[in-house]
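A short write-up of the structure that comes next.
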Amino acid sequence: MQLTEIDHIAIAVADLDAAIAYYAAAFGAEVHHREVVESDGVEEALIKVADSSIQLTAATTPDSPIAKFLDKRGEGLHHVGYRVDDCAAALAQMVEAGATPIDHEPRPGSRGTTVAFVHPKGSLGTLIELVEE
């Protein structure tokens with residue numbers, strides 16, 4: 001079994017500070033980690049939920065994948081991050097099973113992780129991020 005747990009559920013938001021304030025008011029949640037990922041054109045805030053996180057993610061550039069998502073679909077669920085022990089092996093296994101990779105090789109992610117994205121067209125309609133700590 002490649003999956004070890006749900007790493008995070010990513011929610012695309014237009015205003016990161018407003019989303020953080022909403023989660024604080026609605027759930028008493030506090031930001032566990034906040035980071036700008038220049039390579040992806042996003043700023044993220046992680047809210048810890050047990051051993052997983054809610055990842056609130058906003059665009060930092062108008063041409064980033066999150067900006068395009070927000071323009072097309074508006075705010076909402078963007079992707080599910082699955083934690084794996086070996087990102088390269090999990091990606092290869094998914095491709096062998098018929099998945100369509102966005103990243104053909106794992107790459108650096110936030111928090112010092114290694115990540116790879118898999119397209120929703122080959123994953124039952126869900127954008128998947130494989131996350132290796």
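The values are calculated or read from the model by the stated rules, or taken from the named source; none is laboratory data. Please read all numbers here as calculations on a predicted model, not as lab measurements. Here the Cβ positions follow ideal geometry from the backbone for every residue, glycine too, while neighbour counts run over all protein chains shown. Just so you know, the surface numbers come from the protein's heavy atoms only, side chains and all, with ligands and any DNA or RNA stripped out. Shrake-Rupley method; radii C 1.70, N 1.55, O 1.52, S 1.80 Å.
Data for the structure
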read-out	value
Contact order relative to length of the chain, as percent, for alpha carbon pairs under 8 angstrom and 6 or more apart	25 percent
Nearest-10 value in Å² for the accessible area of D85, using the 1.4 Å probe	120 Å²
Exposure ranking of E35, E105 by accessible area [1.4 Å probe, largest first]	E105, E35
Pairwise Cα inverse-distance average, inverted: Kirkwood Rh of the chain (Å)	15.1 Å
Aspartates and glutamates with Cα under 17 Å of K68, excluding same-chain neighbours fewer than 8 positions away	D15, E38, D40, E43, E44
Dipole magnitude (debye, nearest 20) for the stretch 1-51, charges at Cβ of Lys, Arg, Asp, Glu	200 debye
Positive minus negative residues near V31 (Lys, Arg vs Asp, Glu; Cβ under 12 Å)	-3
Debye-sum result for the stretch 57-108 in log10 I(q)/I(0), which assumes one identical scatterer on each alpha carbon, at q = 0.13, 0.30 Å⁻¹	-0.45, -1.10
Where the chain is the region considered: accessible area per residue in Å², 1.4 Å probe	55 Å²
With Cα atoms, 0 to 90° folded angle of helix 87-96 axis to the chain main axis	60 degrees
Gyration tensor verdict on the stretch 2-52 (Cα atoms; rounded if a/c is under 1.5, prolate if a/b is larger than b/c, oblate otherwise)	oblate
Accessible surface of the stretch 32-76 [probe 1.4 Å, protein heavy atoms]: carbon and sulfur percent	50 percent
Rounded to the nearest 10 Å², the accessible area of I102 at probe 1.4 Å	80 Å²
